[in-house]
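Undergrad: Input: one structure, supplied below.
The values are calculated or read from the model by the stated rules, or taken from the named source; none is laboratory data. This one's a predicted model, so the numbers in the text were calculated from it and none came from an experiment. Note: ideal-geometry Cβ built from the backbone for every residue, glycine included; neighbour counts use all protein chains shown.
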């Protein structure tokens, strides 16, 4: 006895069911993948946190300065300061300065800046001799400050996900309207929809966690209220 073939209507019903299931499950799978990337990003932040702690121990409990001297050449900003304390591959986007949810470089603000899903790159010639890249952003208000100067280190970020190497957010500052490409402002450089409506943060006391974008304006970005930016800092001392 020959088996009866599927009719066109039956095939269309099966296809419709598969399409419905795919529409339901694909967003779930995408969210699960992003959750895994968020976990990996937090692992990166924990390595940055450990490097920060080791740096503080070796530099009189002073956070990295805006510029610093290492050996016979001048490095630039926090990534250079932490390199001796971190597992690092400057040729690979898989190094700890790159969030797993980002790839490549470029954004609307600048070709060398990033976005929610791309990173930044810095190449300076002359006396700076700096070449850095990544997709994390340092809280610029902490440059050159000592651990004992922080009023609430558990509420003051050291670094976050971001589209540029550093930023100077303010408490109460408005979030950017564009959470994918951001903008050139304190919050605009960090308030990106990178991880399910939030970003990962390493705080000055060393703990790391995922923080919602809406929570960012409530954090203490200055070591103490209205603390000034410390420019021209070398090896943590003015």
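Undergrad: Report yes if some residue within segment 169-176 is surrounded by fewer than 24 Cβ atoms within 10 Å (Cβ to Cβ) and within 15 Å of residue 45 (Cα to Cα); otherwise report no.
TA: No.
Undergrad: Restricted to segment 114-144, and to residues that are assigned to a loop (DSSP other than H, G, I, E, B) and modelled with pLDDT of 95 or more, which residue is surrounded by the most Cβ atoms within 10 Å (Cβ to Cβ)?
TA: Residue satisfying both the conditions and the ranking: 114.
For every residue, the table says whether it meets (1) at pLDDT 85 or above; (2) farther than 26 Å from residue 183 by Cα; (3) part of a loop (DSSP other than H, G, I, E, B); (4) in contact with a strand residue (DSSP E or B) (Cβ under 8 Å, 6 or more places away or on another chain).
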| site | (1), (2), (3), (4) |
| --- | --- |
| 27 | no, yes, no, no |
| 32 | no, yes, no, no |
| 41 | yes, no, no, yes |
| 92 | no, yes, yes, no |
| 99 | yes, no, yes, yes |
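Undergrad: Across segment 145-180, which residue is farthest from residue 227 (Cα to Cα) among those that are assigned to a strand (DSSP E or B) and within 16 Å of the chain's Cα centre (by Cα)?
TA: For segment 145-180, the residue satisfying everything is 161.
Undergrad: Looking only at segment 170-195, which residues are within 19 Å of residue 38 (Cβ to Cβ) and without any contact (Cβ under 8 Å) to a residue 40 or more places away in the chain?
TA: The one that is within 19 Å of residue 38 (Cβ to Cβ) and without any contact (Cβ under 8 Å) to a residue 40 or more places away in the chain: 191.
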